[in-house]
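Q: Dropping a structure here in structure tokens format, bear with me for questions.
The values are calculated or read from the model by the stated rules, or taken from the named source; none is laboratory data. Note that the structure is a prediction, hence the values are computed from the model and not measured. Don't worry about glycine lacking a Cβ; one is built from the backbone with ideal geometry, like all the others, and counts go over all protein chains shown.
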Amino acid sequence: MLILAFDTATDVACSALVDDGEVLGERMSVARTLLEDVDALLRQASARPADLEAIAVGTGPGSFTSTRMGLATARGLALALGVPVAGVSTLDALAAAGENLYPVIDARRREVFVPGPRAVLPQEAALPPGATCVGDGARRYRAVLEAAGAVVASDDSPLHRPQARYHVALATSFGPAELVEPIYVRAPDADRVLQ
């Protein structure tokens, strides 16, 4: 099964093309170039959009706008191509990259998103013993997390970036794109201003 996977919830957008478990190509960029990345992946694999059989998309938590961009792209492609979609937590995809990993995504406002999912101050993250913190939040708040006894992967480690190949591995239920919902841990900034 030829599956396109991508996640735009963090500051690095990832995408991959996977055929029956074999990774045909991967790209890292930013959310605004996602469709260019998809086109490049398909060309690299000598595939056409019509060859896609499913889409796996990151559902966050993460940047509200970037997460929406990824979901809108997944829905648009699914509608145009008539393929099912599976949503995968960005936190789960980060944790799937290795043994005993604890994902920490930068939530802005001096907070991080951690499993639960929930938004907490970095010093209030309930860190499991012996786990290695990964993600852009772990990198940004390294000093705080290490002071709390955490191990944080080196700044240049690829573990800090979601990798779309894991979205495919974690995708268990494909269905209509409109049923895939983003994971919002808190209200968007626009809602807070209007209240």
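Q: Can you tell me which residues in the stretch 46-102 are farther than 26 Å from G137 by Cβ, aliphatic (A, V, I, L, M) and touching a Gly at 6+ places or on another chain (Cβ under 6 Å)?
A: none
Q: Take the residues in the stretch 42-56 that are out of contact with any Leu (no Cβ under 6 Å at 6 or more places or on another chain) and of a type in the set (A, V, I, L, M); name whichever of them is farthest from G21 (Cα to Cα).
A: Step by step, filter the stretch 42-56, then rank; the result is A50.
Q: Every residue in the stretch 164-180 that is modelled with pLDDT of 95 or more and either assigned to a loop (DSSP other than H, G, I, E, B) or basic (K, R) (or both), please.
A: R165, A171, F174, P176, V180
Q: Also, I was wondering about something else. Restricting the search to the stretch 147-163, which residues are free of Cβ contacts under 8 Å to residues at least 60 places away in the same chain and part of a loop (DSSP other than H, G, I, E, B)?
A: Hits for the stretch 147-163 are A148, G149, A150, A153, S154, D155, D156, S157.
Q: Also, quick follow-up: Taking A50, is it without any contact (Cβ under 8 Å) to a residue 60 or more places away in the chain and either in the same structural domain as V185 (by TED's automatic domain parsing) or among the hydrophobic types (A, V, I, L, M, F, W, C) (or both)?
A: It is true that A50 is without any contact (Cβ under 8 Å) to a residue 60 or more places away in the chain and either in the same structural domain as V185 (by TED's automatic domain parsing) or among the hydrophobic types (A, V, I, L, M, F, W, C) (or both).
Q: Is it the case, given these coordinates, that L79 is in contact with a strand residue (DSSP E or B) (Cβ under 6 Å, 6 or more places away or on another chain) and under 23 Å from V180 (Cα atoms)?
A: No.
Q: Name the one entry in V112, V104, V120 that is surrounded by fewer than 21 Cβ atoms within 10 Å (Cβ to Cβ) and at pLDDT 95 or above.
A: V120
Q: Of the residues T59, T65, T73, only one is crowded, with 24+ Cβ neighbours inside 10 Å, in contact with a helix residue (DSSP H, G or I) (Cβ under 9 Å, 6 or more places away or on another chain) and closer than 30 Å to F174 by Cα; which?
A: Testing whether each residue is crowded, with 24+ Cβ neighbours inside 10 Å, in contact with a helix residue (DSSP H, G or I) (Cβ under 9 Å, 6 or more places away or on another chain) and closer than 30 Å to F174 by Cα leaves just T59.
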